[in-house]
Amino acid sequence: MLGMRLFLIGIVVTAIAGGGFYVMKLKADNEILKANAIKMEQAITEQKQLIENQKKDFQAILTANNEMNELVNNLKKDLDDLDNRFNKGGRDFGKLAIEKTETIQRIINGASDKVLRCVEIAGGAPLTEEEINATKKSEINRECPSIANPNYVPYNN
Amino acid sequence: MYRIIISILVILFLTGCSGVKKLSIFKEEVPRAKLDLAKPTMPELEKLKWIIITSDNADEVFKKMEEQGLDPVLFGLNDKDFQLIAKNFAQIRAHLKVTNDLLDKYKEYYEKEDKDKDEKRN
């Protein structure tokens, strides 16, 4: 009978001790969960930042693409303009050079100097104040206005 | 009675097996070495002088060249080829400009990110 009582007491004491340990374990788990929640919040913030950066990158890529397309189109216009100058209105450049040799020589030498400046600009040389501020036909570099004269808007008169 | 007590004990022991694992996030950022190549500067180009020769002025042109101390020799193009060389030059110029701007765009895109990071660190 005494043995039975001792056994029951032992079980009760073990149960109480187990309960105590269980509560302590729950507290420890709770701490870990809190730490996990903080880390999760940090991870979410970082993810949001990442998404924001991706949006900015996408916008930058789009802008760069548009600017490059615009440049290519403008350069193509310059090329068409050059073609047009040689053959405008069925003009025969060779015949013109025979008839007005001195004039044409002067014109092509002037154009040649401007072309060299165009190459310098295309190679990365900075624009001069004069080139930047040019808005009239008489002020621009007619060989490459799209890259030499950013403020020039073509007009016909 | 025993069965109930044993059942409670078994449940208590089993619940002790369950647990919450610590969350670990590993993150190690190793910055890539910068290429940092200097952009070449465009040299100033030498000016050229074109001379137009026709059957009428050829003698006069050569005579002038001799007077100026130049060898009386010219490397010629006909009018069609002159137009072609002008167009070729324009194509090369356009390609140079596009390549150059492309390089600038890449530099701006990738190095801006590095600059932002450097600013944040400072």
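Every read-out reported here was derived from the displayed coordinates using simple, explicitly stated rules and does not represent laboratory data. None of the values given here were measured: they were computed from a predicted structure. A quick note on method: Cβ atoms are made from the backbone with ideal geometry, for glycine too, and the neighbour counts reach across all protein chains shown.
Charges only on Cβ, +1 for Lys and Arg, -1 for Asp and Glu: so what's the dipole of region A:1-90 about the Cα centre, in debye to the nearest 20? Walk me through the numbers on the way to the answer.
On the way: 12 positive and 12 negative charges, 149 e Å.
So the magnitude is around 720 debye.
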How large is the charge dipole for chain A, taken about the Cα centre, if only the Cβ atoms of Lys, Arg (+1) and Asp, Glu (-1) carry charge, to the nearest 20 debye?
740
Computed label-point distance, nm, for sites residue A:125 and residue A:88 using a 7 Å Cα→Cβ extension
2.5
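I need the calculated FRET efficiency for the pair residue A:151 and residue B:78, taking r as the beta carbon distance and R₀ as 41 Å, to the nearest 0.05. Intermediate values should be presented prior to the final figure.
On the way: r = 38 Å, r/R0 = 0.93.
Taking R0 as 41 Å, the efficiency between residue A:151 and residue B:78 is 0.60.
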Mind pulling the angle between the C-alpha long axis of helix B:2-17 and the longest principal axis of chain B? Nearest 10 degrees, somewhere in 0 to 90.
20
Chain A, Gaussian network, Cα under 10 Å: of A:35, A:134, A:60, the residue fluctuating most is A:35
With Cα springs under 10 Å, the Gaussian network model of chain B assigns the largest mean-square fluctuation among B:36, B:56, B:81 to B:56
Among B:1, B:31, B:52 the positive-end extreme of the charge dipole of chain B (Cβ point charges)
B:1
Say we join alpha carbon atoms closer than 10 Å with springs in a Gaussian network model of chain B; which of B:25, B:11, B:51 then has the biggest fluctuation?
B:11
Region B:1-69 and region A:60-130 have their Cα centres apart by a whole-number Å value of 34
Efficiency by 1/(1 + (r/R0)^6): what FRET value for residue B:20 and residue B:111, r their Cβ-Cβ distance, R0 = 51 Å, to the nearest 0.05?
0.70
State, to one decimal in nm, how far the label point of residue A:33 lies from the label point of residue A:1, with both points 7 Å from Cα in the Cβ direction.
4.8
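Which trypsin sites (Lys or Arg not before Pro) in region B:45-93 pass both tests, a DSSP loop state and at most 14 other beta-carbon atoms within 10 Å? Don't jump to the answer; show the numbers that get you there.
Working: sites: B:47, B:49, B:63, B:64, B:80, B:87, B:93; in loops: B:47, B:49.
Passing both the DSSP loop test and the Cβ count: B:47, B:49.
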Of B:76, A:147, A:87, whose Cα points farthest to the positive end of the dipole of the protein assembly as shown (charges on the beta-carbon: +1 Lys, Arg; -1 Asp, Glu; origin at the Cα centre)?
A:147
For the pair residue A:77/residue B:46, report the inter-label distance in nm, with labels modelled 7 Å from Cα in the Cβ direction.
3.6
Work out Dmax and Rg for the protein assembly as shown from the C-alpha atoms and quote the Rg first, both in angstrom.
40.7, 144
Here, trypsin sites (Lys or Arg not before Pro) of region A:72-157 satisfying both criteria (DSSP loop; at most 14 other Cβ within 10 Å) are A:91, A:100, A:136, A:137
